[in-house]
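Student: What follows is a structure written as structure tokens; I'll ask about it next.
The values are calculated or read from the model by the stated rules, or taken from the named source; none is laboratory data. Since we're looking at a predicted model, the values are computed, not measured. Note that we place each Cβ from the backbone using ideal geometry, even for glycine, and neighbour counts take in every protein chain shown. To get the accessible areas, we keep the full protein, side chains included, count just its heavy atoms, and leave off ligands, DNA and RNA. Shrake-Rupley method; radii C 1.70, N 1.55, O 1.52, S 1.80 Å.
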Amino acid sequence: MNTVLSGLALGRPFWLLFGGEAASAFGATASVIALPVVAMQASGDARQAGLASTAFSAGILLARLPAGVFADRFDRRTLLLYGNIFGTAILGTLALLQSRSALGLLVLTSAALLMGMVGSTLTPAENVAVRNFVHPDHLPRALSLMQARTAVSLIAGPVAGGALLTVEPAWVFTLDAATYFLAAACMAALPSGAGPAGAGRPTLKAAWEGIRFLWRSPFLRYAAVNAAVLNLIFNGLLIVIITSAGGERAGLGIGAQTAAIGAGVLVGSLIAPAVARRLPAARGIALSTGAIAMALTGFALVHGSGAAAFLLALASAFGPVVTVLLTTAQMRMTPAELQGRVHSGISFLSQAASPLAPTLTAVSAHAFGLFRTVLGAALLVVLLALVGNVVTVRHLHTSSQATAGCFSCDSGGFETASGQGTGGTELTGTPAEGGDRKPTDRNNE
């Protein structure tokens, strides 16, 4: 089946993919807050709540690199279908056991680990499937919609999960199971043959091929560093917000500033396609990263919660812009047979240090103060913007040409549903150049 589009619509396959995973992401964000709450209620021990959350994060990291191999080796529709069916089974089991007051801590922790692994496996499969179903000219729009979906799920999912937790925790798991089932139904309706099946090399060797390709490209190395630094900073901002809050209305200020980050991500997701159309990749990445640095500097200087919330929203709005530009470029310059492994390699590297962010921020704030901590983060982002401008200008066009020369049409952006390329897409010189599903899977992945 040929999915080449006229240029006006993203097409039915994309909307099936988007809609199914949007439902699943909504349910997942509700379950992620339910897991530690249920563990705490069952044991009365905060350490058990932390263990449930840690198990979920560990599942994401453990599965990330193998997930890229699977996305390159197997049909992506099949991976998405059976992954969502497996997710339905896990959440359905949790709902049943919780409703009967028979959910033990070992089962809960094991389920959290499996949920993280399922979400981590689905993420690169979905990301690469987008390349199969979307014309290269529409990749920025498709990716920005996926970023907006993440932002909406981060806002709506916890609200729904919190409301259901006050009534009956089993309902949260039931909701998530239903969203997984809906996602599976959408995946079943996708056209088959979403991408070629790769050679059956050993998993570790195949994963290393993706890391090696990534590391040989200065631009892809920069993309991984950029995502890692921004993830580290944004994941540490919550500690800054909590520490800087004071007075009787501290809780209100914390809530407003935290919500501002989610609102900024949503706005940034909506403006990303326009930025990708109007700015070259190098300039767009440098300017957006620089804007984040300026907003963080302003956040370090202000004292009112309203102004702080605005600057946090401004900083977080440019995160999705950087992500869309980097990811679109990565998709266009990576050969088809390495798409999943390169995506999962960047994701793994960008998230590996994120769990340390709250602790590092707290230690830095204690040693140097909040102002110097945030100002230091802003200066680090300024350096990131300067390096990014040099790297993208010098290497992006060269890397794209080299990839096209070595891999012919499979290195370009767009494949049909049967996995056949339609020709390479030049990364530079066009107006649209440049550019986990689960809640911990990204601001910048």
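Student: Quick check: anything in the range 248-269 at pLDDT 75 or above, small (Gly, Ala, Ser), open to solvent by 30 Å² or more (accessible area, probe 1.4 Å) and in a loop (DSSP other than H, G, I, E, B)? Break it down into steps so the answer makes sense when it comes.
Tutor: Pass one, the range 248-269, residues at pLDDT 75 or above: 260-269.
Among the residues that remain, those that are also small (Gly, Ala, Ser) are: 260, 262-264, 268-269.
With the extra rule that they be open to solvent by 30 Å² or more (accessible area, probe 1.4 Å), the set shrinks to 263.
Then keep just the ones that are in a loop (DSSP other than H, G, I, E, B); that gives none.
There is no residue in the range 248-269 that is at pLDDT 75 or above, small (Gly, Ala, Ser), open to solvent by 30 Å² or more (accessible area, probe 1.4 Å) and in a loop (DSSP other than H, G, I, E, B).
Student: May I ask you to say which residue of ILE242, ILE211 is open to solvent by less than 60 Å² (accessible area, probe 1.4 Å), at pLDDT below 85 and either part of a helix (DSSP H, G or I) or of a type in the set (S, T, N, Q) (or both)? Break it down stepwise before answering.
Tutor: Numbers: ILE242 fails: open to solvent by less than 60 Å² (accessible area, probe 1.4 Å).
After ruling out the rest, the residue left standing is ILE211.
Student: Hey, another quick one. Considering only residues that are modelled with pLDDT of 80 or more and out of contact with any Lys or Arg (no Cβ under 8 Å at 6 or more places or on another chain), which ones fall in the range 43-60? Outline the logic, then answer.
Tutor: Going residue by residue through the range 43-60, those that are modelled with pLDDT of 80 or more are 52, 55-56, 58-60.
The answer is ALA52, ALA55, PHE56, ALA58, GLY59.
Student: Of everything in the range 192-208 that's open to solvent by 20 Å² or more (accessible area, probe 1.4 Å) and under 18 Å from PHE133 (Cα atoms), which residue is modelled with the lowest pLDDT?
Tutor: Going through the range 192-208, the residues open to solvent by 20 Å² or more (accessible area, probe 1.4 Å) turn out to be 192-193, 196-205, 208.
Keeping just the survivors that are under 18 Å from PHE133 (Cα atoms) gives 192-193, 196-197.
Details: SER192: 72, GLY193: 60, PRO196: 53, ALA197: 48.
Per the criteria, the residue is ALA197.
Student: If you take the residues of the range 115-148 that are of a type in the set (D, E, K, R) and open to solvent by less than 10 Å² (accessible area, probe 1.4 Å), which of them is nearest to the chain's Cα centre (by Cα)? Before the answer, list the steps.
Tutor: Pass one, the range 115-148, residues of a type in the set (D, E, K, R): 126, 131, 137, 141.
Still in the running and open to solvent by less than 10 Å² (accessible area, probe 1.4 Å): 126, 131.
Values: GLU126: 11, ARG131: 16 Å.
Going through the qualifying residues, I end up with GLU126.
Student: When the range 297-344 is examined, which residues are found to be farther than 14 Å from ALA263 by Cα, of a type in the set (Ser, Thr, Tyr) and crowded, with 24+ Cβ neighbours inside 10 Å?
Tutor: THR323, THR327, THR328, THR334, SER344, listed by residue number.
Student: Just name the residue that is nearest to LEU10 (Cα to Cα) out of those in the range 152-173 that are crowded, with 23+ Cβ neighbours inside 10 Å and under 19 Å from the mean Cα position of the chain (by Cα).
Tutor: The qualifying residue nearest to LEU10 (Cα to Cα) is SER153.
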